[in-house]
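Here, each number is a calculation from the coordinates, and none is a lab measurement. Predicted model, so just to flag it, every value in this text is computed and none were measured. Cβ placement follows ideal geometry from the backbone for every residue including glycine, while neighbour counts extend to all protein chains displayed.
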Amino acid sequence: MDSEDSGLEAAQRWLAEEGIPFPCMPIELQNALKPISEGVFSSRSILPATPYFTDPFIEEVETQSVDDYAVLAFDGHGMNSYAIHYYLVYGPLAFFLQVSWGGAYMDREKAQAAISSVFAKIEPIIQTAMKVDESKVSSRFILSASSFYGCRWRQLGVDEDWCEEGSGFNAALEALEKML
């Protein structure tokens, strides 16, 4: 990373070099991004785990009050279990995206298209979350979407169990629109 770059500029350049668009993100979290290790940019300085392991991030949101943050990262292990991670906890929304990227068998163009598609799907959800009056929200909607583990979602205080049928992206948008 060039010493003149902000964390945001470094993250944008890193994704651009990979042919991946920078995702929609609230401006205050964009400006707070900092490199915290190689291939990991975050608006918070300490993470509960490496980004590859989503469960500690989800459990944190389920069990305690967590300030807004964003994480953009490339993380994984082995020959083929690598992914681009985008985690966003913002107001009434917490999502944890893990999309395959890298590894011995990656088709670069297909992977770029998949990541671009997921980032496009999450954009209206983020934009809706940014419009919600947080003072009127009593729960957070959690969405976890992974190339490795599938998609699941729930609204804290509303859904006791995780939902796995249908579209988590549509469910997130519908839940947030009800909060407007």
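Quick rundown of the values:
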quantity: Long-range amide H partners of residue 36 with built H, under 5 Å; calculated: 41, 42
quantity: Charge dipole (segment 7-178, unit charges on Cβ, about Cα centre) - positive-most of 22, 114, 46; calculated: 22
quantity: Computed E for residue 164/residue 116 - FRET, C-beta separation, R0 25 angstrom, nearest 0.05; calculated: 0.55
quantity: Helical mean residue ellipticity (222 nm; -39500 (n - 2.57) per DSSP H run of 4+; nearest 500) of the chain; calculated: -11000 deg cm²/dmol
quantity: Highest to lowest packing among 164-170, 113-119, 103-109, scored as the average C-beta count within 10 Å; calculated: 113-119, 164-170, 103-109
quantity: Rounded to 10°, Cα long-axis angle of helix 54-63 versus longest principal axis of the chain; calculated: 30 degrees
quantity: Dipole in debye (nearest 20) - segment 7-178, about Cα centre, beta carbon charges: Lys, Arg +1; Asp, Glu -1; calculated: 300 debye
quantity: Cα long-axis angle, helix 168-179 against the chain (0 to 90 degrees, to the nearest 10); calculated: 50 degrees
quantity: Formal net charge of residues neighbouring residue 112 (Cβ-Cβ distance under 13 Å; K, R +1; D, E -1); calculated: -2
quantity: Where only C-alpha atoms are counted, convex hull volume of the chain per residue in Å³; calculated: 114 Å³
quantity: Sorted by Cβ density within 10 Å, fewest first, the residues 68, 161; calculated: 161, 68
